[in-house]
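Following: one structure in structure tokens, then a few remarks.
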Amino acid sequence: MFFEKSQLLYFEHEMRGRARSAEENRDLRPGTYWKNIVLAAFREQSALYGLIRGGFVIPVIILLLSAAAAWDVRKRYGRGLMMSGIVIYLTGLISITAMLVMILVYQNANGIVYYRISLINALFMLGLSLGAYVSGRRQPGLHTVMLGLSLSLGLVLANTLIALDTLFWVLLVAVAFLCGAVFPALFIRSGESAGLASASVLDSMDHFGAIAGSLLTVTLFLPFLGIQWTIALAIMLCAPAALAVRAGAGKLQK
């Protein structure tokens with residue numbers, strides 16, 4: 001759109017001082033997003049409105065399904081693989097949450113994200129692949145991986161405040177790298193005798209965690225908590241994953 005010079009001068013004169021005092025939209029009132037989701041569902045008279053208006057139905061359903069999945073693995077393969085399933089489930093949840101949040105972090109910092117979504121996704125997948133490749137050969141300790149993941153997510157949280165573009169891309173690959181390192185580390189830990197069972201449990205629970213994470217992030221975490229508290233929640237989820245490792249993730253045991 002073209003403006004007369006006088007209009008541009010007027011806009012610059014009026015807005016320059018006000019722009020310095022204006023607050024950026026950094027999810028200061030994230031609950032508003034949830035209200036917009038519910039309102040849109042109500043206007044459409046969709047079945048979704050009856051499901052989400054209470055705000056607790058989706059997490060309860062996911063919690064029940066997750067508990068059922070863990071119980072089924074425990075019954076079929078024993079406590080060790082159940083703990084492995086819990087670790088990879090939480091990792092899948094954390095990884096998809098981190099990627100979705102980082103898309104929004106990029107958008108907040110740069111104003112537009114559409115033409116970068118493919119690049120963000122490609123770099124995240126590259127990080128996952130590199131993490132799996134290195135982990136399969138170096139066999140890092142799972143507690144070390146979880147510590148590194150929590151620290152990397154902490155830097156992502158810090159970067160929402162300082163908004164360094166180069167750091168964003170480095171952290172995107174780093175978080176994906178550490179998430180990708182978990183699967184082979186758990187698989188190797190389970191032992192050769194449990195190869196087929198371990199691969200089946202880890203693959204299914206990884207996907208299940210990613211599905212749960214994507215649903216919760218879009219419908220609950222971001223609308224209720226906002227970007228920064230969603231990242232903080234992902235950091236906190238590293239703790240139960242580390243506890244599950246200590247509780248005996250790995251070999252088949254009844």
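The values are calculated or read from the model by the stated rules, or taken from the named source; none is laboratory data. This one's a predicted model, so the numbers in the text were calculated from it and none came from an experiment. We place every Cβ from the backbone using ideal geometry, glycine too, and count neighbours over all the protein chains shown. Note: areas computed on protein heavy atoms with side chains; ligands, DNA, RNA excluded. Shrake-Rupley method; radii C 1.70, N 1.55, O 1.52, S 1.80 Å.
Go ahead and collect, in residue order, the members of region 186-228 whose backbone nitrogen is under 18 Å from a label point 7 Å along the Cα-Cβ direction of Ile117.
211, 214-219, 222-223
With a/c under 1.5 counting as rounded, go ahead and sort region 41-199 into rounded, prolate or oblate using the C-alpha gyration tensor (a ≥ b ≥ c being the square roots of the eigenvalues; past the cut-off, prolate if a/b is larger than b/c, else oblate). Please report the intermediate quantities before stating the final value.
On the way: a/c = 2.41, a/b = 1.12, b/c = 2.15.
Because a/c hits 1.5 or more and a/b fails to exceed b/c, region 41-199 counts as oblate.
Where does each of 178-186, 58-66, 165-173 land if you order them by average Cβ count within 10 Å, highest first? Could the numbers behind the result be given before it?
Numbers: 178-186: 26.3, 58-66: 14.1, 165-173: 16.0.
Averaged packing, sorted descending, gives the order 178-186, 165-173, 58-66.
Would you kindly derive the ³J(HN,Hα) couplings of region 197-211 from the backbone phi angles with the Karplus curve 6.51 cos²θ - 1.76 cosθ + 1.60 (θ = phi - 60°), listing them in order in whole Hz, with x for Gly and Pro?
4, 5, 4, 5, 5, 5, 5, 5, 6, 4, 5, 4, x, 5, 5
How much accessible area does Arg116 have with a 1.4 Å probe, in Å² rounded to the nearest 10?
80
Which residues' amide hydrogens lie under 5 Å from the amide hydrogen of Gly78, considering only partners 5 or more residues apart or on another chain, with H built in the peptide plane?
For Gly78, no residues qualify.
Tell me, what ³J(HN,Hα) does each residue in region 240-248 have, in order and in whole Hz, if you take phi through Karplus 6.51 cos²θ - 1.76 cosθ + 1.60 with θ = phi - 60° and put x for Gly and Pro?
x, 5, 5, 5, 5, 4, 5, 6, x
Quantify how much of the Cα-Cα distance distribution of region 141-219 extends past 17 Å, in percent. Working shown, then result.
Details: 1816 of 3081 pairs.
Roughly 59 percent, rounded to a whole number.
By average Cβ neighbour count within 10 Å, what is the ranking of 78-91, 133-146 from highest down? Working shown, then result.
Details: 78-91: 25.6, 133-146: 16.1.
Ranked from most to least packed, the peptides come out as 78-91, 133-146.
Could you work out how far apart the two model spin labels at Arg137 and Asp165 are, taking each label as a point 7 Å from the Cα in the direction of the beta carbon, and quote it in nm?
Going by the 7 Å Cα→Cβ label model, 3.3 nm.
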